[in-house]
Amino acid sequence: MAGNDNTRPFRFGLQLRPTSDADVAADARQAEEAGFDIVLVPDHVGPGLAPFVTLAAAAAATERIRIGTFVVNADIRNVVQIAWESTSLDHLSGGRFELGLGAGHTPQEFAATGLPFRPARVRKARLAESVEIVRRLLDGEEVECDAEHHHLRGAQVDRSRQDRLPILVGGNGAALLGHAGAHAEIVGLQGLGRTQLDGHRHTVRFEPSHLDEQIAQIRAGAGERFGEVELNALVQIVDVTDDRAAGLAAACELIDGLEPQDAAAVPYVLIGSVDEIADDIRRCRDRWGITYFVVRERDAFAPVIAALR
């Protein structure tokens, strides 16, 4: 199934997982020097640095690289606060911020914050409302809202510095992906399935046919605007090696049910030489229209960025 735009330029993101003793400024500068387009911080309550203030430090230390959340758990945060933090970061960074939103999936984070862990269907419905409310707030509207999950009176924040601050929505399921296609600038795909009993790990859905289905779900929601939607993939494994076959076999030993032919096809596993990985990324753009790839390996992946540019 063809993707949305085989001519869109590639973008590459580096996801940091900063601990309290991390040198965020140095990490962000090194990502900028390595050719990454954006540096990203996840949102997991507990040990480690919180996303918005960490990104402010990254922005202050850099000049060009964009900054973003990947992704904020919208179900444990107030929707107006999300918009307020986002537009503040956008102004402080000179218009370099991108907001990533998700529905949350880890029960312990809800327990730690004293908030109910609602069924996935409800969390996804709340996320859909949040996306629409945040969009209006970032665009400078005063929001009155009586939706199923949000009730706001006279909510307003400063308009973002960017004309349209990009919102990424990450997650799974036809309803979530269809809504993201209709309302988000970027849709994030991870190849992950149901959350396992430990609340952290996931089943893996790395079959190309599953990704075909997800792209179709995004397209169904997006309609005529599908060509405007940027498609993103979180790369779970990067292994730059001259022995591609051995690397793929090793990855399949780590992930239950993963077959080498699937690992070689999907964007979530990038294994091989620099040129082989670059070819895989081009094939993913040709087949699915995915042009925005996020990795966690800065030094190993930098030569791939150089090869593609």
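Going from most exposed to least, what order do 163, 158 have by accessible area with a 1.4 Å probe?
Of 163, 158, the descending order of accessible area is 163, 158.
Using 7 Å Cα-to-Cβ label points, what is the residue 283/residue 242 separation (nm, one decimal)?
Those two pseudo-labels are separated by 2.2 nm.
Tilt of helix 298-308 relative to the longest C-alpha principal axis of the chain, in degrees (0 to 90, nearest 10)?
Relative to the chain, helix 298-308 is tipped by roughly 80 degrees.
Could you work out [θ]222 nm for the chain from helices alone, using -39500 (n - 2.57) per DSSP H run of at least four and dividing by all its residues? Round to the nearest 500 deg cm²/dmol.
-12500 deg cm²/dmol
Pop a pseudo-label 7 angstrom from the Cα along the beta-carbon direction at both residue 122 and residue 161 and give the gap in nm to one decimal.
3.9
How tilted is helix 79-92 with respect to the longest principal axis of the chain? Cα atoms for both, answer in degrees (0 to 90, nearest 10).
Between the helix axis and the principal axis of the chain, the angle is about 70 degrees.
Would you mind classifying segment 183-309 by shape? Square roots of the alpha carbon gyration tensor eigenvalues, ordered a ≥ b ≥ c; an a/c under 1.5 is rounded, otherwise it is prolate if a/b is larger than b/c and oblate if not.
It is oblate, given that a/c is not under 1.5 and a/b is not larger than b/c.
Run the quick spin-label model on residue 91 and residue 60: label points 7 Å from Cα toward the beta carbon, then report their separation in nm to one decimal.
About 1.7 nm, to one decimal.
What is the local net charge at residue 126, summed over the other residues whose Cβ is closer than 12 Å to its Cβ (Lys, Arg +1; Asp, Glu -1)?
Taking every Cβ under 12 Å from that of residue 126, the sum is +1.
Kindly report the accessible area of the chain per residue (heavy atoms of protein chains, probe 1.4 Å, no ligands, DNA or RNA), in Å².
Accessible area per residue: 44 Å².
Using Cα pairs under 8 angstrom and six or more residues apart, how large is the relative contact order of the chain, in percent?
Relative contact order for the chain comes out at 19 percent.
For residue 20 and residue 253, what is the calculated FRET efficiency with R₀ set at 35 Å and r taken between the beta-carbons, to the nearest 0.05?
Taking R0 as 35 Å, the efficiency between residue 20 and residue 253 is 0.55.
Compute the relative contact order of segment 1-132 as a whole-number percentage, counting only Cα pairs closer than 8 Å that sit 6 or more residues apart in sequence.
21
Express the Stokes-Einstein translational diffusion coefficient of segment 46-101 in µm² s⁻¹, to the nearest whole number, given a Kirkwood radius over alpha-carbon pairs, 37 °C and a viscosity of 0.692 mPa s.
Roughly 286 µm²/s, to the nearest whole number.
Would you mind telling me the antiparallel percentage of the DSSP bridges in the chain, rounded to 5?
Close to 15 percent.
The values are calculated or read from the model by the stated rules, or taken from the named source; none is laboratory data. These numbers come from a predicted model, not from an experiment. In this analysis, Cβ positions are derived from the backbone assuming ideal geometry, glycine residues included, and neighbour counts consider all displayed protein chains. When the accessible area is computed, the model is the full protein with side chains, heavy atoms only, and any ligands, DNA or RNA have been set aside. Shrake-Rupley method; radii C 1.70, N 1.55, O 1.52, S 1.80 Å.
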